[in-house]
Structures are given as C-alpha cells and as structure tokens.
Amino acid sequence: MGHLKRLALSTLLVLTIAPGTIARQPLSPAPIGLPLAQTENPDPLLDQGFDQLNQRDFKGAAQSYERALQLYQDRNQADKVSEAQYGLARAYLLLGNYASAIQLFKQLGPARNAAQQGTILSNLGLAYFQAGQLLEAEQTLRRAIAAWESVRSLDNVDTNQITLFEQQAYTYRLLLKVLVARNQTDAALELSEWSRARALVELLAQRSATTRPTIPPTLQQIRHIARTQNSTLVEYAIVGDEVRVLGDEPETETDLYIWVIRPTGEVTFRRVDLKPLRQGLNELNQTSGLVNLVRDSRSALGIPSRGLVFQENLETIRVATAVDRTHPKLQKLHQLLIQPIADLLPTQPEARITFIPQGPLFLVSFASLQDQKSQYLIEQHTILTTPSIQLLALTHQQRRSPRSLTPALVVGNPTMPSFASEPGIPPRPLASLPGSEQEARAIAALLGTTPILGSQATKARILELIGKSRVIHLATHGLLDLDPNLTEFGLPVDPNGRTARQSRVFVTPGAVIVGPNVRVGGVAAESALAREKVVQVDMPGLIALAPSGQDNGFLSAKALLQMRLQADLVVLSACNTGRGRVTGDGVVGLARSLIGAGVPSVVVSLWAVPDAPTATLMTHFYQNLKQRPDKARALRQAMLATMKEYPDPKAWAAFTLIGEAE
C-alpha cells in the first residue's frame, strides 16, 4: 500500500506520521575544542519546538525551530534543515506570519509521497489564502486535492475511503472558500459536488454498467440533472476556518453556502453567516453552533439525541395529538436554511424541491421547518433529499423493468430478536409492535400481496425474497447502534476525555487508518483520536427480523451494502433508519447502504417514531402512490393527512424520501 499506512495494533502507538517525523536521540556531550555552533546539539531544539508547537506555544516553537534551523544549516544537514523548515513554517502560519510561512513552505524539498505532499500543499494554500493571494491559493489547493485523490486511489474499501476523506475534507472546504472569495460560485458548486458522497458515487459507478461519472461534475451536467429530475435542487455547504495545521484542531462553522439550481438551468448562490450561532459557546467546545441548533430543535419535539428503540405509551399519543403549532426552534432553522432562498423556490406546492444537506443538516426534517406564520414547509412544497446531485443521475440510470420481479415484499412485527441495550446488560427481546402488524396488513392489501408477519418473518426468509421484489416495506424496529464512545458526528461523547496528544501520541491525518480494538493511553482510539479523524468509520444500523437457525435476526447496514437489490422503492418503517454516522460521504447507515445496493428511492426515519401515527402515515402513502406513481407527492399528501389526526411534527415529520420521486 506504499505510504497508506494502516494501524491495527492493540497496544499503545507513539507515532509522528510524515511530514515532520521526529527522531528523538539522546543528548551527547560536546567534543572539547570545537566552536560553540558546532558543539551545540540542535536535535533537542527540534524536539523542543515540536513539543511547544503541540502545546500551542507557537512563539516558543518558532524560536526553537529558528535556532535549530540555523545550526543545521551551519552543519549542512539537508534532511534536518527540511524538518526544521517545516516545523518553523507551521509555527509562522499559526502565528499569522504568512509571508515567512509561504517562503519556508516553498523552500521545502520534494515530498516523499502523496500524503506528505497533500499536507504541505494544504498548509501552503491556507497561508496564501490568509495572505490574500487568492489565485496562488486556488492553484496550490488544487494540487493538494490531486495528491489526496492519489492517496484514496490506493484503497477501494468503502469504509476506508470514507475515513480517508474525513481527514482530507478540510482542503476541499478551504478551496470552496477561495473560489467564493474569487466570486467563482459556479466553480464552487462543481467543487461542492466533487467533495460529497465520493465513496458512494464511486461504489455505484463501479457496480453500474454505465459510464463512470465525470469527476468533478460540470455545471452543465448539474443543470441537466435538475432538468431530468424536474426538481429545484438546493445544495448546502458548510465551511469554517479550515485550520488543520496540527491535525486535531476543532472544526468551526463560519458560513453556509447555498446553491439553488432550477429545472430551467438557472443557478443562484446565497451565503449565510453562521458565526452568530457560536455566541455563548466556549472556544474549546467541540460542538458547533449549528449542531446545537439542530439538536435543540429535535429536543424541542421530544426527540432523544441517542436511543435504540421507541417505546410508545399514552403520553406519546397525547403529545402526538396536541394542537400547538408554534415551534420556535423549527422557525429559527427555517430562518437560517429557507428564508435566504425563499424567493427562488417554486410557488406551486406540488413542484419538487430536492435538498442536498451537509453535516448536521442531514438530521433536519425539512418538512417540519416553520415560517413566521407557523406554516410547515411540507404545506408549501413537495420535498425530497439526496446525499449528492451526482447520485440522482446514477440512480436514474438504474431504473429497471418490473416484469421479472415480484410486486412487493411487506414485513410487519416480526417475532422480535433479543438485544443488549447497554454493555454488560443481558440481551432482552425487543418489544412487540402490534401497530406495525396492522400497518403491514393494510399495505399488503393495497399492493396485492400477503404480508409476512411474526415468526414467519425470519431473517433467512427475508434474505431469500429481498433481492426479487420491486417494492420492499419493512415495519419493525430499527436500531441505531452507534459507537458508544462517539456522537453521530464522530466527536467524543466525553469532551473532557483523554486525547492522544495528552498521551504523547501524535498522528498527522491525511493517509492514516486506525483499525478496531486500539487503545491509546488506556483510552479507546475512537475517542482519543477522534479529533484527528483517523479511526476507521463504523457502519451502524440494524433492522430487527425474526431469528432462526444460527442468525441473531438482525439485518445490518453492512450486510445490505453487499447486496444487489432490484427494488424501485424501499420503505424502512422503523425508528432512526435515516440516521447513522454523519460524514462527508453523507450519513453512513441503513439508507446509504440501500442506495449503494442499487435502490433509487428510499423512505427512512430521522427519529424514533410512534407506532400508531406511523401506521396511519404509511397507509396514506401507499394509497396515494397507487393513485399517482410519484413518491414525493405521495409522501407529502400522507404527511398532510396524518397531520390532521396527529398535529405534532414528531408524529408525522420523521420520514424523508431520499433519491428519486418517480
């Protein structure tokens, strides 16, 4: 694998990945009779500069590196000169001495590999941007991206691709900022598409018999997709300071970029200032203002931030039937995401809008966003989402003839498997879902098939049928089995937990993959190295089916991704099926796996859904779909109908359609 180094050890790792590998050598006594410059050992100064840099003492680091550089130059130690120059360049960059940083970065010798080149060029591009040299910044960052693309080309494992891009994404975001600063917003849109759902796009392209997509997609292709989908496309991109000089800096959010692409081909760019969302947050707080707003909007609806299954009771029904329509947090999200582009959106309620979210926006129920008149967005528009515009073109090419397929596979309330909700807790059977059984019977009647229920809905039987069905509807429990050490954004659950740097472990991100079961200083690597984003991304998500034989009854996102499904539509009528690990490749979980398996349209939930309102919504959805084969309009009408009986958004707004409408 060349420079793509894999770390899969179960013992403590102490590493400094190039560039800037530190050779720690014992201090030797100076020979008697030599000049001071020749007797002074510069190696401890190099080590000292490295320590000061990582302790955020940038001024002290610069002084140590300056002295070490002078001594190495006097001794003509070329390799050490480069090492000192690199450390000093980073110190100058973090001190804001951009001219000196640029000069030193340019003096460095040829990079040893693509990973080192990507890191150095990204730092140089940042220095150019901060110095206001935008053309040089663009040219340098495009070279950095070419290096990152070379790194990722060495590994075609899906989760490895995602992990590597997580480490490299800051370079793409920085180039986005440069292009917008240069008023090249169309080129920025092309880059925005290039930098999202990359692993999923590559996976679908490899599995497709069609021509592989252009990388990056052109503006003409993006316009063509909007026209083909007959939908107004709204793409969001979140950018911040994009300082990743040390590799563990917290990500910030300064601006939200929004592009609106109409079916007529018009492209409009808008920009929203996100800095006010940071007010009141500690500078070291790893949680962003936008994450907090999304989390608060969900909490205001009574949606837990984590949780495996939803247990319905009389209180949840009471809340679902409450009539209070005013939700300030949803109105604030509307003000941030919709109001800046409201004049660009279609005026006809049945005209489609396809939202392409990013980051925490993947957890937003766009249907439930409220304007100042307390009108929900779904009352005004027909809504879809997709991880990227390119995916719409790929899934559109995979439309199939249903002649060789059975009409539908409908599963409801399987005999539930057992699951341990927490480590150390004995597994217990999941609660039965009688409402899901009623839902399955009603939907099967609409689709002209027989539902598979209870003990008959075994994992083994469903696996036999799932690849032969045109429509798949699974009404059961969905489980979000996230890594217990991390939030769904990949940040430590315990923000005060011990980090790798505190354990004297230094990893330069860019081309590093840390495997499972690694501990750093006694702490799980998933937490200790979370800020470096080098631990292999996991793939959460389980669907509960009846166990049989040797299987446990759970159908995982990992297993779904390996399949080749023929369905035009999959509905996961279960809790949290649209959630997972939020990455630059979208939400890694059940929905992504289904898209990767070839399904063009997926309906999933963004939170734990109540049983009875869900059955009502799903029945309306299929009734509408039977009358008119437009999935987006069918879901909209189902939401509006369910809203009348269950006004609370928690009861009707959880589900979202990802992908194609027709």
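Descriptive notes on the structure:
- Computed over the chain, the per-residue total of -39500 (n - 2.57) for DSSP H runs of n ≥ 4 gives a 222 nm mean residue ellipticity of -12000 deg cm²/dmol, rounded to 500.
- With K and R counted +1 and D and E -1, the other residues having a Cβ less than 15 Å from that of Y72 yield a net charge of -4.
- Computed extension length for R628-N54: 200.6 nm, one decimal, from 0.36 nm per residue of separation with the Cα-Cα distance subtracted.
- Segment 266-277 - phi-based ³J(HN,Hα) in whole Hz, Karplus 6.51/-1.76/1.60, Gly and Pro as x: 5, 10, 10, 10, 10, 10, 10, 7, 9, 4, x, 5
- Neighbours of S365 by Cβ distance under 10 Å: Lys/Arg scored +1, Asp/Glu scored -1, total +2.
- Amide H partners (placed H, <5 Å) of L486, local residues excluded: V493
- From least to most packed, judged by other beta carbons within 10 angstrom and beginning with the fewest, R592, R182 follow the order R182, R592.
- Against the main long axis of the alpha-carbon atoms of the chain, helix 434-447 sits at an angle near 70°.
- In order along segment 519-536, phi translates into HN-Hα couplings of 10, 10, x, x, 10, 4, 4, 3, 8, 5, 10, 4, 6, 7, 6, 9, 7, 3 Hz, rounded to whole numbers, per the Karplus curve 6.51 cos²θ - 1.76 cosθ + 1.60 with θ = phi - 60° and x for Gly and Pro.
- Expressed to the nearest 5 percent, the antiparallel share of DSSP beta bridges inside the chain is 50 percent.
- Over all projection directions, the Cα-based convex hull of the chain averages an area of 30.0 nm².
- Between D186 and F269, the distance separating the two model label sites (each 7 Å from Cα on the Cα→Cβ line) works out to 1.1 nm.
- Inter-centroid distance (Cα atoms) of segment 360-387 relative to segment 494-522, Å: 38 Å
- Using the Cβ of Y128 as centre and a radius below 14 Å, the other residues enclosed give a net charge of +2, where K and R count +1 and D and E count -1.
- Cross-link pairs K80/K106; K329/K644; K332/K373 - those with Cα-Cα distance over 19 Å: K329/K644
- Against the chain, whose longest principal axis comes from its Cα atoms, helix 198-207 is set at around 60 degrees.
- The chain: angle of helix 134-152 to the longest principal axis, Cα-based, in degrees nearest 10: 70 degrees
- Share of pairwise Cα-Cα distances greater than 24 Å in segment 467-599 is 39 percent (whole percent).
- Quarter the surface of the alpha carbon convex hull of segment 555-662 and you get the mean projected area, 6.7 square nanometres.
- Full-extension gain in nm, V157 to Q130, via 0.36 nm per residue minus C-alpha separation: 6.1 nm
- Ellipsoid equivalent to segment 394-519 - semi-axes via the Cα gyration tensor, in Å: 41, 23, 12
Read the figures in this text as sums done on the coordinates, not as results from a lab. Please read these numbers as outputs of a predicted model, since none were measured by experiment. FYI the Cβ positions are ideal-geometry reconstructions off the backbone, even for glycines, and counts take in every protein chain you see.
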